Amino acid sequence: MDTSIELPNDNGLRNHLTNLAAISIALLAAFIAVTKVKDDNIVQAMLQAKSDAVDTWSQYQAKRLRQALLETSHDQATALRANAPPATAAKLDEQIHRYESEIERYKTELADLQTKAKAKEAEYDALNYRDDQFDLCDAALSVAVAMLAMVALTGKRWLLGLAWVFSFFGVLMRLAGLLGWHVHPDWLTKLLT
């Protein structure tokens, strides 16, 4: 049994629903177009943050390898120092001191690089949170526009109402992304990823 509400063959009412659908589509399209720039900028910032994080972790790994080599060289020089004649021992002492100084410098640099890399990852995560909001908006508004097109074809009032529900959700998610609101249906995001 079909429980949908059929509109009478009254062209005036059908034209009214078609006009509402057309106006809704036009408003949603304009809203999407104007706010899409921000979404694109967020995606660019995400790419930059991820690139910076990868570069920083690469620097971290390179410096960590250098530090490991210095530590190995330090250990070898210390072992050689134990049985070295006095003239050689003095040179080894200088070298050991340089190694210790370099190792300490690397420890500081590594801590700084690790902090910087984690900050870039946190920046990426924050931007990704906002990008999820824009993605949910795009999905909801695409469904809404498709439903509004169906309203124009079928004249179903209930479909117009459902399209407006999707439109409201899409606009809410876009505004949340634009304004930094903490509206993020994690369950829906996880379902769609």
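Read-outs throughout are calculated quantities, based only on the coordinates presented, and are distinct from any laboratory measurement. Computed from a prediction, not measured in an experiment: that's the story for all the values here. For neighbour counting, all protein chains shown are included, and Cβ atoms are generated from backbone atoms with ideal geometry for every residue, glycine included.
Listed values, structure above:
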quantity: Among 180, 12, 170, residue whose mean-square fluctuation peaks in a GNM of the chain (springs only between Cα atoms under 10 Å); calculated: 12
quantity: Residue order, fewest to most beta carbons within 10 Å, for 38, 63; calculated: 38, 63
quantity: J(HN,Hα) series, region 97-103, from Karplus relation 6.51 cos²θ - 1.76 cosθ + 1.60, nearest Hz, glycine and proline x; calculated: 4, 4, 4, 4, 5, 5, 4
quantity: For region 116-127, Karplus couplings with θ = phi - 60° (6.51, -1.76, 1.60), whole Hz, Gly/Pro x; calculated: 5, 5, 5, 5, 5, 5, 5, 4, 4, 4, 5, 5
quantity: Selected from 13, 166, 151, residue furthest toward positive end of dipole (the chain; charges at beta carbon); calculated: 13
quantity: Of 63/120; 38/116; 116/190; 38/156; 156/190; 36/156, those spanning more than 24 Å from alpha-carbon to alpha-carbon; calculated: 38/116; 116/190; 38/156; 156/190; 36/156
quantity: Potential lengthening between residue 90 and residue 115 on full extension [0.36 nm per residue; Cα-Cα distance subtracted]; calculated: 5.2 nm
quantity: FRET efficiency for residue 191 and residue 45, using Cβ-Cβ distance with R0 set to 25 Å, rounded to 0.05; calculated: 0.45
quantity: Top of 110, 13, 175 by mean-square fluctuation, Gaussian network on the chain, Cα under 10 Å; calculated: 13
quantity: Residue-wise HN-Hα coupling along region 26-32, computed from phi with Karplus coefficients 6.51, -1.76, 1.60 (Hz; x: Gly, Pro); calculated: 4, 5, 5, 4, 5, 4, 4
quantity: Among 58, 142, 73: highest mean-square fluctuation, GNM of the chain, C-alpha pairs under 10 Å; calculated: 73
quantity: Footprinting exposure proxy for 134, 168, 31 (fewest neighbouring C-beta atoms within 10 Å first); calculated: 168, 31, 134
quantity: Ranked list, fewest to most other Cβ atoms within 10 Å of each Cβ, for 103, 23; calculated: 23, 103
